[in-house]
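The structure under discussion appears below in the form of structure tokens.
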Amino acid sequence: MRKRLKESAEEKVLMDKENKELISNISHDLKTPITAVKGYVEGIMDGVADTPEKIDRYVKTIYNKTNEMDHLINELTFYSKIDTNRIPYTFSKLNVEDYFSDCAEEVGLELETRGIQLCYANYVDSDVQVIADGEQIRRVIHNIISNAIKYMDKGKGMKGIIQIRVKDVGDFVQVEIEDNGKGIAAKDLPNIFDRFYRTDSSRNSSKGGSGIGLSIVKKIIEDHGGYVWATAKEGEGTCMHFVLRKYIELQPGGTK
């Protein structure tokens, strides 16, 4: 009894610490885009944006910053559902070619406003399906791409490029999302899917992120019976991989 009570007390202390860290991270990361939005709105009101081109640039920046805030709030709401095992999954048969081309089109429009190029390639036959929750797999893709955008090294003087590749690997469909950002150090790679883990321990305000985005990715993919991992080269970029099991129609008698 004493041992169980001690373990319970330790778990509560850890949970309280994690919750405080989460609130601190979210507060910090909401303040950054709010400050930017306020500054750009004041620029428009004061007439600093005095040409149609400048106004267009300011409005696009405001739009991107409000998207960041929306994403953070959604992430926080979803995180609370993870902790209580109340993720509302709605599984259905999804045609891989149709589903991922729609996702790529949606993501491409957002990346275009940020000056980032999207390259999409599908290597899966047109009749292949998976059993998945379309909304939650979209969340996976958006979380991975949001993470890539944060760590895109614009100092290289190179255009940001994100590639999405969908491949057939036997009983699974494998999705690869690769960027040409600064990459992830080998020491950090095994930990990036842990809750609250951040490779930039200094919490540089230019990066943002609550530190739970990739842990949400891992939870969703594992709940689909798949798995996720990452490969990276420092200075060259990062590639996130995840697999989803194919839907295979069973013939009478239980055979494929």
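The values are calculated or read from the model by the stated rules, or taken from the named source; none is laboratory data. Computed from a prediction, not measured in an experiment: that's the story for all the values here. Backbone-built Cβ (ideal geometry, glycine too); neighbour counts: all protein chains shown. With ligands, DNA and RNA removed, areas are computed over all heavy atoms of the protein, side chains included. Shrake-Rupley method; radii C 1.70, N 1.55, O 1.52, S 1.80 Å.
List pairs: first in segment 216-234 and of a type in the set (Asp, Glu), second open to solvent by 30 Å² or more (accessible area, probe 1.4 Å), Cβ under 9 Å, 6+ apart or cross-chain?
If the second residue must be open to solvent by 30 Å² or more (accessible area, probe 1.4 Å), the pairs left are Asp223/Tyr89; Glu234/Lys182; Glu234/Ala186.
Pick from segment 215-249 the residues that are in a loop (DSSP other than H, G, I, E, B) and closer than 19 Å to Leu94 by Cβ: which of them is modelled with the lowest pLDDT?
Glu249
How about segment 76-92: which of its residues are over 20 Å from the mean Cα position of the chain (by Cα) and open to solvent by less than 60 Å² (accessible area, probe 1.4 Å)?
The one that is over 20 Å from the mean Cα position of the chain (by Cα) and open to solvent by less than 60 Å² (accessible area, probe 1.4 Å): Ser92.
Looking at Lys6, is it at pLDDT below 85 and open to solvent by 80 Å² or more (accessible area, probe 1.4 Å)?
Criteria met by Lys6.
Does segment 15-27 contain any residue that is within 27 Å of Arg195 (Cα to Cα), in contact with an Asp or Glu (Cβ under 6 Å, 6 or more places away or on another chain) and part of a helix (DSSP H, G or I)?
Scanning segment 15-27 turns up no residue that is within 27 Å of Arg195 (Cα to Cα), in contact with an Asp or Glu (Cβ under 6 Å, 6 or more places away or on another chain) and part of a helix (DSSP H, G or I).
Could you go through segment 181-195 and let me know if any residue there is at pLDDT below 80, crowded, with 17+ Cβ neighbours inside 10 Å and either within 25 Å of Asp70 (Cβ to Cβ) or acidic (Asp, Glu) (or both).
Yes: one or more hits.
Whether any residue in segment 93-113 is open to solvent by less than 80 Å² (accessible area, probe 1.4 Å) and over 30 Å from Ile131 (Cβ atoms) is what I want to check.
Scanning segment 93-113 turns up at least one residue that is open to solvent by less than 80 Å² (accessible area, probe 1.4 Å) and over 30 Å from Ile131 (Cβ atoms).
Within the group Gln163, Gln174, Gln117, which residue is open to solvent by 50 Å² or more (accessible area, probe 1.4 Å), touching a Lys or Arg at 6+ places or on another chain (Cβ under 7 Å) and at pLDDT 85 or above?
Step by step, each of Gln163, Gln174, Gln117 is checked, and only Gln117 is open to solvent by 50 Å² or more (accessible area, probe 1.4 Å), touching a Lys or Arg at 6+ places or on another chain (Cβ under 7 Å) and at pLDDT 85 or above.
Determine the pairs where a residue that is farther than 25 Å from Ile248 by Cα, located within segment 109-130, has a partner that is open to solvent by 50 Å² or more (accessible area, probe 1.4 Å) and in a loop (DSSP other than H, G, I, E, B) with Cβ atoms under 7 Å apart, the partner being 6 or more residues away or on another chain.
The qualifying pairs are Gln117/Lys159.
Given the structure, is Tyr63 farther than 18 Å from Arg245 by Cβ and at pLDDT below 85?
No; evaluated as a whole, the condition is false for this residue.
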